1. Say we look at segment 97-145 and pick out the residues that are in contact (Cβ under 8 Å) with a residue 24 or more places away in the chain and acidic (Asp, Glu); which of these is nearest to GLY45 (Cα to Cα)?
2. Only one of these conditions is not met by THR30: (1) surrounded by fewer than 23 Cβ atoms within 10 Å (Cβ to Cβ); (2) in contact with a Cys (Cβ under 8 Å, 6 or more places away or on another chain); (3) of a type in the set (Val, Ile, Thr). Which number is it?
3. Can you tell me which residue within segment 120-143, out of those that are among the polar types (S, T, N, Q) and open to solvent by 20 Å² or more (accessible area, probe 1.4 Å), is modelled with the highest pLDDT?
4. For segment 94-119, which residues satisfy the criterion of being of a type outside the set (Lys, Arg) and open to solvent by less than 40 Å² (accessible area, probe 1.4 Å)?
5. Mind listing whichever residues of segment 129-145 are polar (S, T, N, Q) and within 16 Å of the chain's Cα centre (by Cα)?
6. Which residues, counting only those in segment 50-68, are open to solvent by less than 20 Å² (accessible area, probe 1.4 Å) and either of a type in the set (Lys, Arg) or within 13 Å of the chain's Cα centre (by Cα) (or both)?
7. When you scan segment 36-56, do you find a residue that is within 27 Å of VAL162 (Cβ to Cβ) and charged (D, E, K, R), even just one?
8. May I ask you to say which residue of VAL203, VAL170 is open to solvent by less than 30 Å² (accessible area, probe 1.4 Å), modelled with pLDDT of 95 or more, touching a helix residue (DSSP H, G or I) at 6+ places or on another chain (Cβ under 7 Å) and in a strand (DSSP E or B)?
Amino acid sequence: MPSHEQLREILDPATTVLLTVECQQGVVGTDSALPELAEEARSSGALANVARLVFAAHQSGVQVVHAVAERRPDGRGANRNARLFRAAERLPVQQLSGTRAVRLAPPVEVAEEDLVVRRLHGLSPLAGTGVDPLLRNLGCRTLLVTGVSANVAVPNAVFDAVNLGYTAVVPADAIAGVPADYTPALVRHTLALVATVTSTRDVLGAWQPPRGA
């Protein structure tokens, strides 16, 4: 892990954006389409840590972007080219545009200055969603990736961020996937090769004013 001073430099509020990935009611909420994932996100503390980071970002002047996955009731524009997409069509809770399922799940709070980006297709919060130009217009150099799932969307976001030239930072205790032991293996053997891996506590510390300031 980087030193406190290195992390403070990487996470400069002026050039950092906090990205929450699919922290929505229909994914991690109490009425989730994916109850095993929702339970892991909550019982592991990952969702609570996302909320802590969002709150601290609001206090520190760090821009927050919430990436939400949804679909139209008629399914137009949605992918069907993978088993995951076809299975999602049969789930009892659908991530339909305009419904409760695609609202951010407590305890994550959305501030007026946050950006909420909704996608109707694909696996990635970045690819083809318009997030990249938003980040560039915001002066982003570091993307802090949080949320779910460690199985699909989170690694997609990290890889895309790196390919687009951003420094990716992952608080390992603010992401979740299933089964529970998969997430630490993904972090250790994959994400640590391309991203700066840290913790919620260390990110919060990096956003605290220096002593004597």
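The values are calculated or read from the model by the stated rules, or taken from the named source; none is laboratory data. Since the model is a prediction, treat every value here as computed from it, not as a measurement. Here the Cβ is made from the backbone with ideal geometry for all residues, glycine too, and neighbour counts use every protein chain on show. When the accessible area is computed, the model is the full protein with side chains, heavy atoms only, and any ligands, DNA or RNA have been set aside. Shrake-Rupley method; radii C 1.70, N 1.55, O 1.52, S 1.80 Å.
1. GLU109
2. Every condition holds for THR30 apart from (2).
3. ASN137
4. Correct list: GLN95, ALA101, VAL102, LEU104, ALA105, VAL108, ALA111, ASP114, VAL117.
5. Residues satisfying the conditions are THR129, THR142.
6. If the condition is that a residue be open to solvent by less than 20 Å² (accessible area, probe 1.4 Å) and either of a type in the set (Lys, Arg) or within 13 Å of the chain's Cα centre (by Cα) (or both), then VAL50, ALA51, LEU53, VAL54, VAL64, VAL65, HIS66, ALA67, VAL68 are the ones that fit.
7. Yes, because at least one residue in segment 36-56 is within 27 Å of VAL162 (Cβ to Cβ) and charged (D, E, K, R).
8. On the way: VAL203 fails: in a strand (DSSP E or B).
So the residue among VAL203, VAL170 that is open to solvent by less than 30 Å² (accessible area, probe 1.4 Å), modelled with pLDDT of 95 or more, touching a helix residue (DSSP H, G or I) at 6+ places or on another chain (Cβ under 7 Å) and in a strand (DSSP E or B) is VAL170.
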